[in-house]
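One structure is given here, and the rest of the page talks about it.
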Amino acid sequence: MKIVVAAPYKSTDIQSLLNEIHRTGHVEYQGRNTVKSIRVADKTWNVKIFKVPHLLNKFVYRYFRKSKAQRSFEYAHTLLEKGFYTPNPIAFAEQRSALFLTDSFYISEHLDCQLTFRTLIHEPQYPDRTRILQEFTEFTYKLQESGIYFLDHSPGNTLIIKQKDSSYKFYLVDLNRMRFGHLNYQTRIENFTRLALTEDMLEIIALKYAELCHKEYQDVYTDLLNACDNFKVKRAKLSALKQKFKR
């Protein structure tokens, strides 16, 4: 097994943990991938167990592309180096054969948070909601200004923690899909489309984003609304197509 660790962790400890991963730990999330939390000494770690790729991708990830686990680990370091937040990366591991990548894992420190972005969608009366949305918009703008395009900018992938001064910190998770480089205005607007924004959230975010990028509010609001509507249409068509092939 290939194991890469961040200091001061040891690959032997990671190997021991992964040897027992399917028999121990608490399942935090079960879907296409699985996330487990595990107590290690006096700390809690999260282990993301990636779904085994299909046959072609097993070969591609073995020889031509970095695995999702490796990208998660490297992108976590990139975020931290650029001054953004994510649960501290510990290691990634890959189980390989001569031809294929089979299993892969990303390990990070567990982070207790008060809410995720999804909370703001489902609880419109959440305390300080407008301020959180404004600060989240500024956080996204700073990401974009730093040349970071977080492709999975969706409701469950931003953890939010309130600070003692009543400001908020935003921690990104599910990091394996990112791009880096200059982002034009349209790409920046489309970066908000996966967030399932309600009408009032659109208004708050558009107002703050217009202030940040020095544009007219109505223009930003219209662009954001159109981008979100287009994304919903594309997603509905894709979902219908998938259902058609399942029959």
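Here is how the numbers come out for the structure above:
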read-out	value
Helices (runs of 4 or more DSSP H) fully within region 1-108 counting 3 or more residues that are out of contact with any Gly (no Cβ under 8 Å at 6 or more places or on another chain), outside the structural domain of Tyr141 (by TED's automatic domain parsing) and farther than 23 Å from Asp152 by Cα	11-19, 55-63
Ala76, sole failed condition from (1) surrounded by fewer than 18 Cβ atoms within 10 Å (Cβ to Cβ); (2) aliphatic (A, V, I, L, M); (3) under 19 Å from Met178 (Cβ atoms)	(1)
Residues being over 20 Å from Gly147 (Cβ atoms) and hydroxyl-bearing (Ser, Thr, Tyr) - total across region 178-232	4
Some residue of region 39-54 being β-branched (Val, Ile, Thr) and touching a Phe, Trp or Tyr at 6+ places or on another chain (Cβ under 8 Å)	yes
Any chance Phe100 is over 19 Å from Arg194 (Cβ atoms), of a type outside the set (Val, Ile, Thr) and modelled with pLDDT under 95	yes
Options Asp174, Asp219, Asp152, Asp165: the member that is acidic (Asp, Glu) and either part of a strand (DSSP E or B) or touching a Gly at 6+ places or on another chain (Cβ under 9 Å) (or both)	Asp174
Residues within region 183-216 that are farther than 18 Å from Thr130 by Cβ and part of a helix (DSSP H, G or I), tallied	9
Region 193-237, subset within 24 Å of the chain's Cα centre (by Cα) and of a type in the set (Gly, Ala, Ser), residue surrounded by the fewest Cβ atoms within 10 Å (Cβ to Cβ)	Ala236
Which listed residue is surrounded by fewer than 18 Cβ atoms within 10 Å (Cβ to Cβ), at pLDDT 95 or above, under 24 Å from Thr78 (Cβ atoms) and among the small types (Gly, Ala, Ser), from Ser108, Ser146	Ser146
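The values are calculated or read from the model by the stated rules, or taken from the named source; none is laboratory data. Just so it is clear, the structure is predicted and the values come from calculations on it, not from any experiment. Using ideal geometry, Cβ is built from the backbone for each residue, glycine included, and neighbour counts are taken over all protein chains shown.
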